[in-house]
Amino acid sequence: MLDIKLIRTDPDKVREAMRRRGSEAPIDEVLALDERRRALVTEVEQLKARRNQVSEEVARAKRAGQDASEIIAAMREVSDRIKALDDEIRDVEDRLHQLLLVIPNIPHESVPFGESDADNVEVRRWGQPRRFDFEPKAHWDIGTRLGILDFERAAKVAGARFTVYKGAGARLERALINFMLDVHTQEHGYTEILPPFLANTDSMTGTGQLPKFAEDMFHCEGTDLYMIPTAEVPVTNLHRDEILDGDRLPIYYVAYSACFRAEAGAHGRDTRGLIRQHQFNKVELVKFVRPEDSYDELEKLVADAEDILRRLGLPYRVSMMCTADVGFAAAKKYDPEVWMPSYGRYVEISSCSNFEDFQARRANIRFRRNPKTKPEYVHTLNGSGLAVGRTLAAILENYQNEDGSVTIPEALRPYMGGMTRIEPEA
RNA sequence: GGAAGGGUGGCCGAGCGGCCGAAGGCAGCGGUCUUGAAAACCGCAGGGUGAUGAGCCCCGUGGGUUCAAAUCCCACCCCUUCCGCCA
């Protein structure tokens, strides 16, 4: 959520930011409602001040045993007016709030202008895509042939875009989760969280999934619960409506969770394999930091995600999202992308964002620099470290052998009981 | 799911419809005293809006009654205990 004061004092800056994003935003309507609200508030507050004053007089008179029926009668009218004004204010504020909730964040000045994802900018590249001296297969073929991924039975059990992992495949997924959690907790300084996988409307609104993106999520009928599309939601909302002690910042959390996405509107895209699923595993990094540190923290966050790819020996590049692709809530976003032989290109495997105070304002997450000062909004960041299913797919493809087996990356072997290869079932 | 009890400031905990943004205690901060510390004593200390002012608002949330609600009424949410069910 943007600061209403910013919209009020510099509406052109906001309009320009929306134009750069290619987003429509009801700025004029916001300004009109804001003005209306402030006029009403001024009026009602004057009346309330009078009511409070007179109430005291009534109390004093009654205590003195005097009759106060005249003032009481006079105040009835004032009270009615107050009630009417309060009703109108509530109505105006509701509408204003609804509008503010659908206005996206302002991209940081370092974000390049662009009109589509084609305008994203590659910032660095690591590793060399392997040259195969045989025809490399796609991970769905590799996994199916090895008997470690079962798409058909998953479709029977749940439907399209679900996968059953089996044997060494299930273990490899679990190994990746544990490996990532261990690296981030033991070497990058994150505290592990295992959050609820369902979250309520307030939480979804706090991080920005609602109200705009309801159709992307699974909703549990008859409840106020949504299945989380990312651990960002429960973990960021851990500190909703809190005032954090400045000494505690920065806070780093890492959380494994299953993630659930309806993928409405993705018909026909990535229909095969693990790339686009209704349910997938992810290890998510979340930070709460001081505003002045958030861009340094973003760079460190990306580096933490990249570290996993390097240790796994997976070639990747990092793209900086342009204004058109930065995402609703983010001010700046980097996407680490892994080399995927079956796609013949780099595929998003993480997404690291600085939301500045956009989420903090929605979720009311603040901190106090020192005991005397007013609370300020924190900056929140998050990034995948990494998407586990896509990582497994990348390993199958990049580490495949001509005989159909897959070599297990060095770093994962301790998590696989020393296993070095996944061989086809006998 | 059923029954009972409860949600007040960082924590504990009072609160007769008006003098309650709210006693008291603890923790915190500043000071006096002390070589220093503790103790004792004095003082400051919630959040929002706004200009560090005035005013206004906030006692789980939302309605209602009233000239006036932390206090009365209704609904909802959450917590605790007991029972039932259950991984």
Value of [θ]222 nm, deg cm²/dmol, for chain A, DSSP H segments ≥ 4, -39500 (n - 2.57) each, nearest 500: -12500 deg cm²/dmol
Those lysines that a straight Cα-Cα span of less than 27 Å connects to A:K300, excepting residues fewer than 8 apart in one chain: A:K282, A:K287, A:K332, A:K333
Percent carbon-and-sulfur accessible area, chain A, ignoring ligands, DNA and RNA, probe 1.4 Å: 46
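With a sphere of radius 12 Å drawn around the Cβ of A:P409, what net charge do the other residues whose Cβ falls strictly inside it have (Lys, Arg +1; Asp, Glu -1)?
Taking every Cβ under 12 Å from that of A:P409, the sum is +3.
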Filtered GluC sites (Glu not before Pro), the range A:6-83: DSSP coil and at most 15 other beta carbons within 10 Å: A:E24
Separation of alpha-carbon centers, the range A:52-102 and the range A:162-236, rounded to whole Å: 47
Sequence-distant residues sharing a close amide H with A:R124 (under 5 Å, placed H): A:V318
Amide proton proximity set for A:C259, modelled H, under 5 Å, gap of 5+: A:F280, A:N281, A:K282
Normalised convex hull volume, the range A:101-218, alpha-carbon set, Å³ per residue: 245
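Quote to one decimal, in nm, the extra length available between A:R38 and A:F162 on full extension: 0.36 nm per residue of separation minus the C-alpha distance between them. Present the calculation step by step, with values, prior to reporting the outcome.
Numbers: separation 124, 0.36 × 124 = 44.64 nm, distance 5.14 nm.
Difference between extended and current length: 39.5 nm.
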Karplus-derived HN-Hα couplings along the range A:44-61 (A = 6.51, B = -1.76, C = 1.60, θ = phi - 60°), whole Hz, x at Gly and Pro: 5, 5, 5, 5, 5, 4, 5, 4, 4, 4, 5, 4, 5, 4, 4, 4, 5, 4
In the range A:100-207, the chymotrypsin sites (Phe, Trp or Tyr not before Pro) that fall in loop regions by DSSP, at most 11 other Cβ within 10 Å: A:F134
The range A:203-247: GluC sites (Glu not before Pro) in DSSP loop, at most 13 other beta carbons within 10 Å: A:E221
Cα extents of the range A:274-424 along the three principal axes, largest first (Å): 67, 36, 27
Protection-proxy order for peptides A:299-307, A:408-416, each taking the mean of Cβ atoms within 10 Å per residue, highest first: A:299-307, A:408-416
Listed residues A:L298, A:L225, A:L314, most fluctuating in chain A (Gaussian network, C-alpha, under 10 Å): A:L225
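How much length is gained on full extension from A:K62 to A:E24, taking 0.36 nm per residue of separation minus their Cα-Cα distance?
Computed gain between A:K62 and A:E24 is 7.8 nm.
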Stokes-Einstein translational diffusion, the range A:6-52 - Kirkwood Rh over all Cα pairs, 1.306 mPa s, 10 °C, in µm²/s: 128
Sequence-distant lysines (8 or more away, or on other chains) whose Cα lies within less than 19 Å of A:K48: A:K83
Centroid-to-centroid separation of the range A:256-323 and the range A:373-406 [C-alpha atoms, Å]: 5
A:R8 paired with A:I193, simple spin-label distance in nm, labels 7 Å along Cα-to-beta-carbon: 3.2
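Under the Kirkwood approximation applied to all pairs of distinct alpha-carbon atoms, what is the hydrodynamic radius of chain A in Å?
Answer for chain A: a Kirkwood hydrodynamic radius of 24.4 Å.
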Residue-wise HN-Hα coupling along the range A:186-197, computed from phi with Karplus coefficients 6.51, -1.76, 1.60 (Hz; x: Gly, Pro): 8, 10, 10, x, 8, 9, 6, 10, 10, x, x, 9
Cα→Cβ-extended label distance, 7 Å offset, between A:E221 and A:F132, nm: 4.3
Computed lengthening from A:E77 to A:D293, 0.36 nm per intervening residue step minus Cα-Cα distance: 72.4 nm
In order through the range A:2-12: 3J(HN,Hα) via Karplus (6.51 cos²θ - 1.76 cosθ + 1.60), integer Hz, x for Gly, Pro: 7, 6, 4, 5, 5, 4, 5, 8, 9, x, 5
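The values are calculated or read from the model by the stated rules, or taken from the named source; none is laboratory data. Remember, predicted model here, so these are calculated numbers, not experimental data. Counting neighbours? That spans all protein chains shown, and the Cβs are built from the backbone with ideal geometry, glycine included. Please note that ligands, DNA and RNA were not included when accessible areas were found on the heavy atoms of the full protein model with its side chains. Shrake-Rupley method; radii C 1.70, N 1.55, O 1.52, S 1.80 Å.
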